[in-house]
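A short worksheet on the structure shown next.
The values are calculated or read from the model by the stated rules, or taken from the named source; none is laboratory data. Because the structure is predicted, anything quoted here is derived from the model rather than measured. Cβ placement follows ideal geometry from the backbone for every residue including glycine, while neighbour counts extend to all protein chains displayed. Protein only, heavy atoms only, side chains kept; ligands, DNA and RNA dropped before computing areas. Shrake-Rupley method; radii C 1.70, N 1.55, O 1.52, S 1.80 Å.
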Amino acid sequence: MTDTKKKRMSMLDSLAAAGTPPAPGSMMSSNRALRSARDAVDAHHVWELDPDEIEDERYSDRLDPKDVHDLRVSIEQNGQTVPILVRRHPTEANRYLLVYGRRRLEAIRASDKVKKVRALIANLDDTAALRAQVSENTGRRDLSYIERSLFAQELLDNGFGSQAQIAEVLNVTRSAVSMSISVAKAIGTALAQAIGPAHGIGRPRWESLAKDLSNADMGMDELCQVAIDARGKAAAGEQADEEPRVDPSVAAFEAVVRHVKRNTGSSPGRKPRQKATPLLIDGAPVGVIKRSTRALRLDLTNVDDAFAQWLDARAQNVLEDLHDRWKRET
């Protein structure tokens with residue numbers, strides 16, 4: 001191996017080693033993805049690229065990217081010590097797609113003094129590039145539970161692959177991906193973004209919030225505002241001096257949990273409130289329909305058994321007919 005190639009490979013190795021080591025169990029997968037990216041570099045030197053030639057079309061895996069101001073100042077004073085990684089655009093000449101290094105790229109784009117970004121160019125397909133992105137980011141700082149959940153949902157919604165394939169990329173089990181996607185859908189992107197990454201808030205508490213939300217009789221706009229207000233207060237340091245400082249996103253999560261519980265009466269021994277509307281047939285009560293923010297439940301407790309069997313056999317068709325009628329009338 002030539003000295004030039006050794007130097008080039010060492011640059012990519014430094015990316016893999018930067019920051020906090022990956023969590024146990026993910027080290028092998030992370031190293032494999034980063035070394036595959038290293039081995040795919042198609043030139044023997046670092047390129048000086050125009051930042052405007054680089055596009056960032058990656059899946060988003062961060063809720064709260066750090067401000068790039070300090071990094072920009074550092075690069076202007078000391079130069080860009082670690083190159084970013086890009087791959088060639090599949091259809092446009094002299095265009096590139098970012099694999100990782102978003103903050104370095106944004107810092108240079110914001111600089112009046114540095115005009116070129118130092119980059120390594122690799123031959124990677126979409127899947128390999130995604131693996132490298134995930135591995136590099138988790139190598140620097142683990143994604144929080146909700147960030148990983150939203151990332152998994154975005155991959156699934158955009159047709160990246162099956163839950164099993166997503167689990168392989170994220171180096172988790174398929175059941176973990178399934179649960180994460182369920183939580184992400186229950187929380188919703190808007191509320192998750194309003195809360196923020198909330199590092200330290202793990203799966204059980206997010207699942208508990210998702211469950212409470214299914215019974216909550218309130219709009220997402222209201223909850224988002226609660227989160228935004230709590231984040232702003234925590235970020236501004238409006239806490240009593242004797243209270244320990246907390247991550248603003250954790251403060252937002254806690255505020256939303258308190259608000260939901262307060263408005264659903266979620267306390268030991270009490271069931272969450274639901275809207276219940278009585279249902280009648282020929283003027284006689286036959287059951288109720290219950291609606292919460294995210295659920296609708298039909299309970300028929302006093303109907304003819306033959307009618308119940310008929311409805312059970314045709315429930316799918318009846319539901320589709322009602323849905324079609326709703327679309328025509330709205």
Qualifying position, being at pLDDT below 85 and not β-branched (Val, Ile, Thr), among Lys66, Lys116 | Lys66
The condition of being within 19 Å of Lys261 (Cβ to Cβ) and modelled with pLDDT under 90 holds, among Ala227, Ala216, Ala236, only for Ala216
Keeping to the range 203-216, report how many residues are open to solvent by 40 Å² or more (accessible area, probe 1.4 Å) and not polar (S, T, N, Q).
-> 5
Are any residues in the range 141-151 part of a helix (DSSP H, G or I) and hydroxyl-bearing (Ser, Thr, Tyr), and if so, which ones?
-> Tyr145, Ser149
When (1) farther than 14 Å from Ser249 by Cα; (2) open to solvent by 60 Å² or more (accessible area, probe 1.4 Å); (3) without any contact (Cβ under 8 Å) to a residue 40 or more places away in the chain are applied to Gln225, the one that fails is (1)
Selection from the range 165-197 of residues over 20 Å from Val256 (Cα atoms) and either open to solvent by 50 Å² or more (accessible area, probe 1.4 Å) or among the polar types (S, T, N, Q) (or both) yields Gln165, Glu168, Asn171, Val172, Thr173, Arg174, Ser175, Ser178, Met179
Kindly establish whether Leu319 is within 18 Å of Pro278 (Cβ to Cβ), surrounded by 10 or more Cβ atoms within 10 Å (Cβ to Cβ) and aliphatic (A, V, I, L, M).
-> no
Would you mind stating whether Thr330 is at pLDDT below 80, open to solvent by 90 Å² or more (accessible area, probe 1.4 Å) and hydroxyl-bearing (Ser, Thr, Tyr)?
-> yes
Spot the failing condition for Gly200; the list is (1) surrounded by 15 or more Cβ atoms within 10 Å (Cβ to Cβ); (2) without any contact (Cβ under 8 Å) to a residue 60 or more places away in the chain; (3) touching a Ser or Thr at 6+ places or on another chain (Cβ under 9 Å), and only one is missed.
-> (1)
For the range 171-202, which residues satisfy the criterion of being over 14 Å from Glu154 (Cα atoms) and of a type in the set (D, E, K, R)?
-> Arg174
Kindly indicate whether Leu105 is in contact with a strand residue (DSSP E or B) (Cβ under 7 Å, 6 or more places away or on another chain), modelled with pLDDT of 85 or more and part of a strand (DSSP E or B).
-> no
